[in-house]
1. So A102 ticks every box in (1) modelled with pLDDT under 90; (2) more than 17 Å from Y60 (Cβ to Cβ); (3) open to solvent by less than 90 Å² (accessible area, probe 1.4 Å) but one. Which box is left unticked?
2. Sort through F97, F73 and tell me the only one that's more than 27 Å from L30 (Cα to Cα) and surrounded by 12 or more Cβ atoms within 10 Å (Cβ to Cβ).
3. Quick check, is V25 hydrophobic (A, V, I, L, M, F, W, C), touching a residue at least 24 places away in the same chain (Cβ under 8 Å) and touching a Cys at 6+ places or on another chain (Cβ under 7 Å)?
4. From D178, D140, grab the single residue that is open to solvent by less than 50 Å² (accessible area, probe 1.4 Å), of a type in the set (D, E, K, R) and touching a residue at least 40 places away in the same chain (Cβ under 8 Å).
5. For region 105-131, name all the residues that are open to solvent by less than 70 Å² (accessible area, probe 1.4 Å) and under 25 Å from N13 (Cβ atoms).
6. Looking at L45, L17 in this structure, which one is open to solvent by 30 Å² or more (accessible area, probe 1.4 Å) and under 28 Å from R124 (Cα atoms)?
Amino acid sequence: AVVSTQSTGTLGNLLRLNALFGLVVTVYGLSYARLALLIYGGDALAESDGPWLLQWHCPYIAVCGINGVSECFYFATMSQIEVENYNLKLLPFSICFLMLSAVLSYLFGTVGFILANIGNMAIRIFFSLRYAASYFGGMDVLYRSLPNVPQLMIIGVCGATALLSKLVLESSNSHLGDLCHIIVGGLSLILVLMILWECEDNSFKTFFKSLNPIKTRTKTE
């Protein structure tokens with residue numbers, strides 16, 4: 001029972017960490033994709049379809065992170081036969097993914113392929129989390145992975161602030177406007193991270209601190 005509780009807490013905290021990271025990346029990616037490409041590649045890259053594609057890649061990064069954690073647990077706890085059965089289940093979804101990619105790419109261009117990948121990852125997450133719920137005999141791990149209401153509220157408020165900054169400051173097409181836009185984003189990001197941390201319980205904070213490789217190695221030695 002102790003091992004099961006510890007496993008539930010570890011998996012839930014990992015999923016929660018990736019969910020929070022993905023939300024922050026998505027929210028700020030919407031407002032800073034163009035500016036990031038402007039700094040990286042200049043006007044030619046910033047005025048192309050690059051910002052639009054980068055914005056859609058942000059939620060894709062979010063679902064990839066969650067899928068990576070959930071599938072790692074899935075494959076680590078399944079038997080060889082279960083892994084083979086799972087791969088067989090994924091075969092029809094792979095065919096559906098190819099068809100969906102073709103349709104969405106035709107309708108939305110390159111963005112359609114990203115949307116198809118997001119859908120593919122979402123389906124795989126669903127199967128992995130359903131297995132996790134069955135493995136632990138309950139939905140505790142799923143509840144543990146969900147951000148709480150104050151966290152969602154602060155991410156939403158700061159994301160709206162960054163979007164407003166983009167509309168007002170970045171649209172001015174001046175270096176001063178871009179600089180102010182960066183400052184607003186940096187300050188709001190610091191505020192988000194501070195409040196996200198304060199809204200967490202001791203279990204998550206202890207888990208997060210345990211991820212520090214330097215402290216972990218020191219304690220071992």
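The values are calculated or read from the model by the stated rules, or taken from the named source; none is laboratory data. What you are looking at is a predicted structure, and each value in this text was computed from that prediction instead of being measured. For neighbour counting, all protein chains shown are included, and Cβ atoms are generated from backbone atoms with ideal geometry for every residue, glycine included. Heads up: the accessible areas ignore ligands, DNA and RNA and are worked out on the full protein's heavy atoms, side chains in. Shrake-Rupley method; radii C 1.70, N 1.55, O 1.52, S 1.80 Å.
1. Unmet condition: (1).
2. Going through F97, F73 in turn, the sole match is F73.
3. On the way: hydrophobic (A, V, I, L, M, F, W, C): yes; touching a residue at least 24 places away in the same chain (Cβ under 8 Å): yes; touching a Cys at 6+ places or on another chain (Cβ under 7 Å): yes.
Yes: the conditions hold for V25.
4. Values: D140 fails: open to solvent by less than 50 Å² (accessible area, probe 1.4 Å).
Sole residue among the options that is open to solvent by less than 50 Å² (accessible area, probe 1.4 Å), of a type in the set (D, E, K, R) and touching a residue at least 40 places away in the same chain (Cβ under 8 Å): D178.
5. The first filter runs over region 105-131 and keeps only residues open to solvent by less than 70 Å² (accessible area, probe 1.4 Å), leaving 105, 109, 111-112, 114-125, 127-129, 131.
The answer is I118, M121, A122, I123, R124, I125, F127, S128, L129, Y131.
6. The unique qualifying residue is L17.
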